[in-house]
Amino acid sequence: MFTLDNRLKTAAELCRNGKTAADIGCDHAQLACRLAMDKSALVIASDVRDGPLEAARRTVSETGVDNIRIVKSDGLAEIDFADDVIICGMGGELIARIIGGCRFLNADTRFILQPMTRAEFLRKWLYQNGFDILEERVAYDGGRGYTVMLAAYTGIQREISTVESLTGKITDRIFLRKIAEKLRKNAEGMEKSHNSAEQARVFRDMANEILDRTNNLESDL
């Protein structure tokens, strides 16, 4: 029996019991099978490529679950309905494109999202397009932290600041400090070039804002 890595385990924890789930870009379908065994009434495992779909069929056969359906689909194009939509291991821009093609969106639909890159883009896109991020968790694998978002559609569109796009609703202090450190290193590089002083100041101010937020989290403990 397989064991989910921390990224997928965290995504599974954010899924609801007794609901229909769709694992988009299912790869080997380990997450889909785990949900089918432990939480979901029905799981749709989808991928746009034949190779992962064949691997998914093998995993389903090995686990013996019967409440799972494998579908070839480009994003959500061939998915008619799901309560929980899980998209893990893709770039933030691609995840946004996939969500933008959802045909069954309603207030009860939940999106569990784990961007590998451009998380800040995805956060901005979600808020600009009427979604709210309900919760964010950080999963550590191989020495790297990954954010996992739980989002829902509200219809309320709004803009968020650059700092909000970088940090979202993350409360993991180690992860927040790493974001601030990266901003400070960027500022140092700009200062050495002697032609980006204003942008360097902006980066330092954002780093300080994130560190202040981190310190406030610690004081609340």
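Just name the residue that is least open to solvent (accessible area, probe 1.4 Å) out of those in region 34-49 that are of a type in the set (G, A, S) and part of a loop (DSSP other than H, G, I, E, B).
If we filter region 34-49 for residues that are of a type in the set (G, A, S), which is where we start, we get 36, 40-41, 45-46.
Next, from what is left, pick out any that are part of a loop (DSSP other than H, G, I, E, B): 40-41.
Numbers: S40: 9, A41: 60 Å².
My answer is S40.
Out of the residues in region 4-33 that are over 21 Å from T109 (Cβ atoms) and part of a helix (DSSP H, G or I), state the one that is most open to solvent (accessible area, probe 1.4 Å). Can you show your working first?
Taking region 4-33 and keeping what is over 21 Å from T109 (Cβ atoms), we get 4-7, 9, 27-30, 33.
Imposing the further condition that a residue be part of a helix (DSSP H, G or I) reduces the set to 6-7, 9, 30, 33.
Working: N6: 63, R7: 42, K9: 87, Q30: 48, C33: 0 Å².
Restricting to residues being over 21 Å from T109 (Cβ atoms) and part of a helix (DSSP H, G or I), the top hit is K9.
Only strands (runs of 3 or more DSSP E) wholly contained in region 109-183 count here; list those with 3 or more residues that are at pLDDT below 95 and over 24 Å from V202 (Cα atoms). Outline the logic, then answer.
Details: elements: 110-117, 131-141, 144-153.
It comes to none.
Condition check ((1) among the hydrophobic types (A, V, I, L, M, F, W, C); (2) within 27 Å of D172 (Cα to Cα)) across all residues:
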| position | (1), (2) |
| --- | --- |
| K9 | no, yes |
| L35 | yes, yes |
| G51 | no, no |
| V65 | yes, no |
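Six or more apart or on different chains, Cβ under 9 Å: which pairs go from a residue in region 17-29 that's small (G, A, S) to one that's crowded, with 24+ Cβ neighbours inside 10 Å and at pLDDT below 95? Could you list them?
G18/S40; A21/S40
Taking the options R97, R58, R69, name whichever one is surrounded by fewer than 17 Cβ atoms within 10 Å (Cβ to Cβ) and assigned to a strand (DSSP E or B). Give the derivation first.
Details: R97 fails: assigned to a strand (DSSP E or B); R58 fails: assigned to a strand (DSSP E or B).
On inspection, the qualifying residue turns out to be R69.
Any chance you could count how many residues in region 72-94 are surrounded by fewer than 16 Cβ atoms within 10 Å (Cβ to Cβ) and of a type in the set (A, V, I, L, M, F, W, C)?
2
Quick check: anything in region 201-212 in a helix (DSSP H, G or I), at pLDDT below 90 and open to solvent by less than 80 Å² (accessible area, probe 1.4 Å)? Walk me through it before giving the result.
The first filter runs over region 201-212 and keeps only residues in a helix (DSSP H, G or I), leaving 201-212.
Next, only the ones that are at pLDDT below 90 stay: none.
No, the conditions are met nowhere in region 201-212.
Could you figure out which of (1) among the hydrophobic types (A, V, I, L, M, F, W, C); (2) within 19 Å of M90 (Cβ to Cβ); (3) open to solvent by 80 Å² or more (accessible area, probe 1.4 Å) isn't true of I174?
All conditions are met except number (2).
The values are calculated or read from the model by the stated rules, or taken from the named source; none is laboratory data. Note that this is a predicted model, so its numbers are computed, not measured. As a convention, Cβ positions derive from the backbone with ideal geometry for all residues, glycine included, and neighbour counts pool all protein chains shown. Surface areas here come from the heavy atoms of the whole protein model, side chains and all, with no ligands, DNA or RNA. Shrake-Rupley method; radii C 1.70, N 1.55, O 1.52, S 1.80 Å.
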